Amino acid sequence: MATQGNIGVTSENIFPIIKKFLYSDHEIFLRELVSNAMDATQKLKTLASVGDFKGEMGDLTVRVRIEDGKLIISDRGIGMTAEEIDKYINQIAFSGAEEFLEKYKNDVSAIIGHFGLGFYSSFMVSKKVEIVTKSWKEGAVPMKWSCEGTPAYELTETEKADRGTDIILYIDDENKEFLEKGKISALLTKYCRFLPVPIAFGKKQEWKDGKYVDTDEDLIINETQPAWVRKPTELKEEDYLKFYQDLYPMSDEPLFWIHLNVDYPFHLTGILYFPRIKNNLDLHRNKIQLFCNQVFVTDSVEGIVPEFLTLLHGVLDSPDIPLNVSRSYLQSDQNVKKISAHITKKVADRLEEIFKSDRPQYENKWDSLKLFIQYGMLSDEKFYERAAKFVLLKDVDDKYFTLDEYLKLIKENQTDKEGVTVYLYTTSKNDQYSYIQDAKDKGYSVLLMDGQLDVHAIGQLEQKLEKTRFVRVDSDTIDHLIRKADQQKVQLDENQQTALKEVFNSQLPAMEKTEFIVSFEALGEQSNPVVLTQSEYMRRMREMSAMQPGMSFYGEIPDSYNLVLNTDHPLVKNVLADEEKACSEKLQPILADIKGWEARQTDLREAQNKKKSDEITEAEKEDMTNTNKQLDELREKLNAILSEYASGNPVVSQLIDLALLGNGLLKGESLSRFIRRSYELI
C-alpha cells in the first residue's frame with residue numbers, strides 16, 4: 001500500500017536553497033552520502049557489539065556504482081523502517097546520528113553525521129532521488145522513498161532481499177560529470193580514502209590481449225587502517241615514511257614527525273610531519289588534512305592549527321572539532337582553542353626532545369627547521385618562550401649556538417662602551433666577505449642570517465634580549481659597529497673636507513634609486529682607504545617592507561650608502577695633497593669670494609631675524625636673493641674645478657670602484673672601465 005505526503009519543511013523554497021547554498025562545493029554530496037553509508041555500517045557494528053543485533057554481519061563493504069544515468073551508493077548497514085524514513089528523511093535536519101549517539105554513547109564509535117542534512121546534498125546534482133532500504137529489525141518491510149526535488153515525496157513498500165540502503169541518484173543534465181568514472185574515483189580518493197569500512201568502486205583490472213580488462217575482484221579505494229589510527233608501537237620508521245609519501249607523492253623525506261593520540265579532555269589523533277623548508281613560506285602552507293572520524297573535511301586548518309603550524313604536513317582527526325553543516329569551515333570555540341594549544345605544546349616538546357637527545361642530528365637539520373621555528377616564535381608568544389631554549393644561531397664558520405651559549409661567547413669582546421652587546425651578522429658570506437674578515441681580524445664573531453624571516457627574527461631578539469643590538473657587518477666601519485672608545489677626530493679643516501667631498505662626489509656613478517653620501521673618519525693607516533657602508537635601520541626597513549604590505553613606503557625610499565674616506569690612509573692623503581697642488585691657485589680667489597659672500601649672508605640673516613616678515617623691505621629681500629645667487633655661482637665654479645681635477649685622477653675613480661666592487665655594486669660598463677684602468681695603473 002502506497003502512502004503520500006509532504007516533507008516537513010516550512011518553505012516551498014527549501015530545495016532551491018539546498019541546491020545552491022547548503023554546501024559550497026556540489027561535489028560534497030558524495031562525501032555526505034558515503035559518510036551516511038559508513039554511519040549505518042558502524043551503527044550495525046555497535047548493535048552487534050552490545051548484543052542487540054545477533055545476525056550475521058557478512059560483507060560490510062560500501063559499494064558505489066554508475067548505472068544508466070544513475071549514481072548508486074549501497075550499504076549493508078542498519079537500514080530504515082517506514083517510521084524511521086518519516087522521522088529522519090521527511091523531517092529535514094532531524095539527525096538520526098544524534099539520537100543514536102545519545103542512546104549508545106558508551107559503546108558507539110565513529111559515527112559521523114550530526115546534522116541530518118547530508119542526505120539532502122544529493123539534490124544539488126540530481127533531478128530525482130530514490131531510497132531503497134530494509135531495516136535490520138526482524139520482520140522489517142523493505143521501503144522505497146522517491147522525491148523529485150520538491151516537498152512532495154512518495155513512500156511505497158518494495159522488495160529487497162538484504163538489509164541496508166541503496167541511495168539512487170538520477171543525475172541532472174547540469175551535473176553529468178558525476179557520471180564519469182574518473183570524476184567519481186577522484187572524489188572517493190579525496191574524501192573517503194581512509195574511511196574505516198571498505199568502499200568498492202568498480203573492479204580491479206589486468207592486462208589481457210593487449211588491453212586492460214576488469215577482473216571479478218572489487219577495487220577497494222580506501223585504506224581502512226591508516227597510520228594515524230594505529231598505535232605508535234605498531235609502526236616502524238618505514239611505515240611513517242610510506243604514509244608521508246602516500247599523502248605527498250614526489251616530496252622529499254620529512255625531517256621527523258609527531259604521532260598525536262589524545263583521549264582527554266578532547267579526542268584527537270593524527271601524525272604531523274616536519275617538512276624540509278628553506279624558503280618560500282606560502283609553498284608549504286595548507287598541507288595538513290583535517291578528518292572527522294576518518295572522513296576528509298578540509299585542508300584549510302587555520303581555525304584549529306596556529307598559523308605557524310600550517311607549515312607542517314600530515315593529518316589531524318577529531319570528532320570534537322565543531323563544524324558547520326558543510327563540514328568545510330571550523331567554528332571557534334573552547335575545544336578548538338584547547339586543541340590548538342595542545343598541538344603547539346606537543347610540537348615544542350618534540351623539538352626540545354630531539355635537541356636534548358641528539359643535538360648533532362638537530363644541528364644537521366637546522367637549516368630546514370629554522371624557518372618554521374622562527375615563524376612560530378614571531379607569531380606565538382608561548383611558543384617563543386619554549387623555543388628560546390632550542391632556537392639556534394649559526395655563525396659564518398657553520399658552528400651552532402643556543403641564545404645563551406652565543407651570549408656567553410661574545411659578551412666580553414663584543415660589548416660596546418655603552419654596555420650594549422653587539423651581534424654582528426652577514427646576509428651573504430661571499431658578498432660581504434671583506435667586512436666579515438675585518439670583524440674576524442678584531443676577534444669578533446659573525447652570524448650568518450640569510451633566511452627569509454631573519455630580519456624579523458632580529459627585530460624580535462633585540463626586543464627580548466637585554467641590552468642587545470644586531471648590526472650587519474657592512475652597515476658601518478668595524479670600529480663604529482662596536483665602539484670601544486671615543487671616536488678619533490678627523491684632522492682636516494673645512495676647506496679640505498669640502499674639496500675631498502666634491503672630488504669623490506663628482507666621480508660617484510648615477511644609479512637608479514640609489515644615493516651616496518661622502519663622509520670622513522680617522523680609521524688608522526692599516527684600514528682600507530675607502531669603505532662603503534649602508535644604514536642598518538633603512539636597509540632593514542626596506543627588507544621588512546618586502547614582506548609586509550603595510551610598510552611598502554619604505555620600499556620606495558632610495559638605497560642610501562655612506563662612502564667613508566679614511567683620512568689616515570696614505571692614498572687619501574695623497575689625493576688631497578695632489579688636489580691642493582693642482583687646484584690651489586684656481587681655488588684661492590674663489591674661496592676668498594665665498595668667504596666674503598658668506599659673511600654678507602650671515603649679516604643679512606641676523607638683521608632679518610630681528611624683524612617680522614612684513615617689516616622686511618623689498619630691497620633687503622633682493623639683497624639676500626642676490627647674495628644667495630652669488631654663493632651658488634661661486635660654489636658651482638669651485639665644484640667644476642674640483643670635478644675636472646677628479647676626472648683626470650685615476651686613483652679617485654679606482655678607490656670608488658674598489659669600494660663598489662666590495663659591495664657587488666660594480667657591474668656592466670663600470671666594471672669594464674675598472675678592469676681597463678687597473679691594467680693601466682699597474
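Just a few scattered comments:
- Of residues in the stretch 222-255 being in contact with a Pro (Cβ under 9 Å, 6 or more places away or on another chain) and among the aliphatic types (A, V, I, L, M), the one modelled with the highest pLDDT: LEU241
- Per the listing SER670, SER678, SER647, SER653, the residue uniquely touching a Lys or Arg at 6+ places or on another chain (Cβ under 8 Å), closer than 27 Å to VAL518 by Cα, of a type in the set (Gly, Ala, Ser) and touching a residue at least 12 places away in the same chain (Cβ under 8 Å) is SER653.
- Considering residues of the stretch 243-280 that are out of contact with any helix residue (DSSP H, G or I) (no Cβ under 8 Å at 6 or more places or on another chain) and either β-branched (Val, Ile, Thr) or assigned to a helix (DSSP H, G or I) (or both) only, the residue nearest to PHE355 (Cα to Cα): TYR244
- Just one of the listed residues (SER379, SER475) is over 30 Å from ALA577 (Cβ atoms), open to solvent by 20 Å² or more (accessible area, probe 1.4 Å) and either over 28 Å from the mean Cα position of the chain (by Cα) or not aliphatic (A, V, I, L, M) (or both), namely SER379.
- Test: GLY451 is surrounded by 14 or more Cβ atoms within 10 Å (Cβ to Cβ) and assigned to a loop (DSSP other than H, G, I, E, B): yes
- Residue among VAL347, VAL295, VAL315, VAL301 that is touching a Ser or Thr at 6+ places or on another chain (Cβ under 8 Å), modelled with pLDDT of 80 or more and open to solvent by less than 50 Å² (accessible area, probe 1.4 Å): VAL295
- Across the stretch 489-514, the number of residues qualifying as among the acidic types (Asp, Glu), farther than 14 Å from THR567 by Cβ and modelled with pLDDT of 85 or more comes to 1.
- Considering (1) open to solvent by 50 Å² or more (accessible area, probe 1.4 Å); (2) more than 22 Å from ALA48 (Cα to Cα); (3) modelled with pLDDT of 75 or more, the lone condition that ASP162 does not fulfil carries the number (2).
- Those residues of the stretch 408-442 which are under 18 Å from ASN528 (Cα atoms) and not hydrophobic (A, V, I, L, M, F, W, C), in sequence order: ASP431, GLN432, TYR433, SER434, TYR435, GLN437, ASP438, LYS440, ASP441, LYS442
- Criterion violated by PHE372 - all others in (1) at pLDDT below 95; (2) surrounded by fewer than 20 Cβ atoms within 10 Å (Cβ to Cβ) satisfied: (2)
- Of the residues making up the stretch 499-524, those that are open to solvent by 60 Å² or more (accessible area, probe 1.4 Å) and either in contact with a Gly (Cβ under 7 Å, 6 or more places away or on another chain) or touching a residue at least 24 places away in the same chain (Cβ under 8 Å) (or both) number 3.
- The criterion of being outside any loop (DSSP other than H, G, I, E, B), within 40 Å of the chain's Cα centre (by Cα), modelled with pLDDT of 95 or more and not basic (Lys, Arg) does not hold for VAL34.
- Only one of the numbered conditions (1) modelled with pLDDT of 90 or more; (2) farther than 30 Å from LEU272 by Cα is violated by LYS417, and that is (1).
- Picking from residues in the stretch 484-497 that are open to solvent by less than 80 Å² (accessible area, probe 1.4 Å) and in contact (Cβ under 8 Å) with a residue 60 or more places away in the chain, the one that is nearest to LYS440 (Cα to Cα) is ALA485.
- Looking across the stretch 221-255, not a single residue is of a type in the set (Val, Ile, Thr), open to solvent by less than 70 Å² (accessible area, probe 1.4 Å) and over 26 Å from VAL64 (Cβ atoms).
Let's see how each residue does on (1) open to solvent by 80 Å² or more (accessible area, probe 1.4 Å); (2) among the aromatic types (Phe, Trp, Tyr); (3) more than 60 Å from the chain's Cα centre (by Cα):
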residue: ALA577; (1), (2), (3): no, no, no
residue: LYS586; (1), (2), (3): yes, no, yes
residue: PRO589; (1), (2), (3): no, no, yes
residue: GLY596; (1), (2), (3): no, no, yes
residue: ARG600; (1), (2), (3): yes, no, yes
residue: ARG605; (1), (2), (3): yes, no, no
residue: GLU618; (1), (2), (3): yes, no, yes
residue: ASN626; (1), (2), (3): no, no, yes
residue: LYS629; (1), (2), (3): yes, no, no
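- Any hit, the stretch 208-220, residues being more than 22 Å from ILE354 (Cβ to Cβ) and surrounded by 16 or more Cβ atoms within 10 Å (Cβ to Cβ): yes
- Residues that are among the acidic types (Asp, Glu) and open to solvent by 60 Å² or more (accessible area, probe 1.4 Å), drawn from the stretch 23-74: ASP25, ASP52, GLU56, ASP59, GLU67, ASP68
- Unmet requirement for SER653, which otherwise passes all of (1) at pLDDT 90 or above; (2) open to solvent by 40 Å² or more (accessible area, probe 1.4 Å): (2)
- Residue within the stretch 87-94 that is modelled with pLDDT of 90 or more and among the charged types (D, E, K, R) present: no
- The listed residue being of a type in the set (Lys, Arg), open to solvent by 10 Å² or more (accessible area, probe 1.4 Å) and without any contact (Cβ under 8 Å) to a residue 40 or more places away in the chain, out of LYS440, LYS464: LYS440
- Close pairs (6 angstrom Cβ cut-off, 6 or more residues apart or separate chains): part of a strand (DSSP E or B) in the stretch 564-587, small (Gly, Ala, Ser) anywhere: VAL564/SER519; ASN566/SER527
- Of residues in the stretch 319-340 being open to solvent by less than 60 Å² (accessible area, probe 1.4 Å) and under 18 Å from ASP380 (Cα atoms), the one modelled with the lowest pLDDT: VAL336
- Candidate set: the stretch 75-91, residues that are part of a loop (DSSP other than H, G, I, E, B) and farther than 21 Å from ILE184 by Cβ; chosen: the one most open to solvent (accessible area, probe 1.4 Å): GLN91
The values are calculated or read from the model by the stated rules, or taken from the named source; none is laboratory data. Everything quoted here is computed from the prediction, not taken from an experiment. All Cβ positions, glycine included, derive from the backbone under ideal geometry; neighbour counts span all protein chains shown. Quick note on the areas: whole protein, heavy atoms, side chains included, nothing else; ligands and nucleic acids left out. Shrake-Rupley method; radii C 1.70, N 1.55, O 1.52, S 1.80 Å.
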